[in-house]
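The values are calculated or read from the model by the stated rules, or taken from the named source; none is laboratory data. Only a predicted model underlies this, so the values are computations on that prediction, with no experimental measurement involved. When we count neighbours, we look across all protein chains shown, and the Cβ atoms used for this are built from the backbone with ideal geometry, even at glycine. Note: areas computed on protein heavy atoms with side chains; ligands, DNA, RNA excluded. Shrake-Rupley method; radii C 1.70, N 1.55, O 1.52, S 1.80 Å.
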Amino acid sequence: MTLSQQIITIIMVVFGTVLTRFLPFLVFPAGKPTPKYVKYLGTVLPSAVFGLLIVYSLKDTQLLASPHGIPEAISLALVIALHLWKRNMLLSIAGGTICYMLLVQFIF
């Protein structure tokens, strides 16, 4: 990249960051009630993202080759148990990820 291309790239990244930070406050000011569709998205999107993460995480699991999906199954069970216990998606995702990484690095 030339110097001018680097400067333009930095300016566009800064512009995109500022736009995404301030746009919600411009579109949904404090005095107006939040639209129903935004509230609906706020209730359904976390579960959809959670499901998407599970599918993405398990898509390359090879059940016929060693370790036969055992680390994935253990981590998935931990994610389910943590979520049923605490109902905290961040804790569930972090716990499952840490469990999987420890299993893959030290046991399997």
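Looking only at residues in the range 45-56 that are surrounded by 10 or more Cβ atoms within 10 Å (Cβ to Cβ) and of a type in the set (Val, Ile, Thr), the one that is modelled with the highest pLDDT is Val49. Scanning the range 16-26 for any residue that is surrounded by 10 or more Cβ atoms within 10 Å (Cβ to Cβ) and in a loop (DSSP other than H, G, I, E, B) turns up nothing.
In the set Ser75, Ser92, Ser66, Ser47, only one residue is on the phi < 0 side of the Ramachandran plot, of a type in the set (Gly, Ala, Ser) and in contact with a Gly (Cβ under 7 Å, 6 or more places away or on another chain); that residue is Ser75.
Restricting attention to the range 57-97, which residues are open to solvent by 80 Å² or more (accessible area, probe 1.4 Å), closer than 24 Å to Leu45 by Cβ and of a type in the set (A, V, I, L, M, F, W, C)? Matches in the range 57-97: Ile80, Leu84, Trp85, Leu90. Scanning the range 13-61 for residues being under 25 Å from Ile80 (Cβ atoms) and of a type in the set (A, V, I, L, M, F, W, C) gives a total of 11.
Val79: in contact with a Cys (Cβ under 9 Å, 6 or more places away or on another chain) and either touching a residue at least 12 places away in the same chain (Cβ under 8 Å) or not in a helix (DSSP H, G or I) (or both), yes or no? The answer is yes for Val79. When Tyr40 is tested against (1) closer than 13 Å to Tyr100 by Cβ; (2) without any contact (Cβ under 8 Å) to a residue 40 or more places away in the chain, just one condition goes unmet, and that condition is (1).
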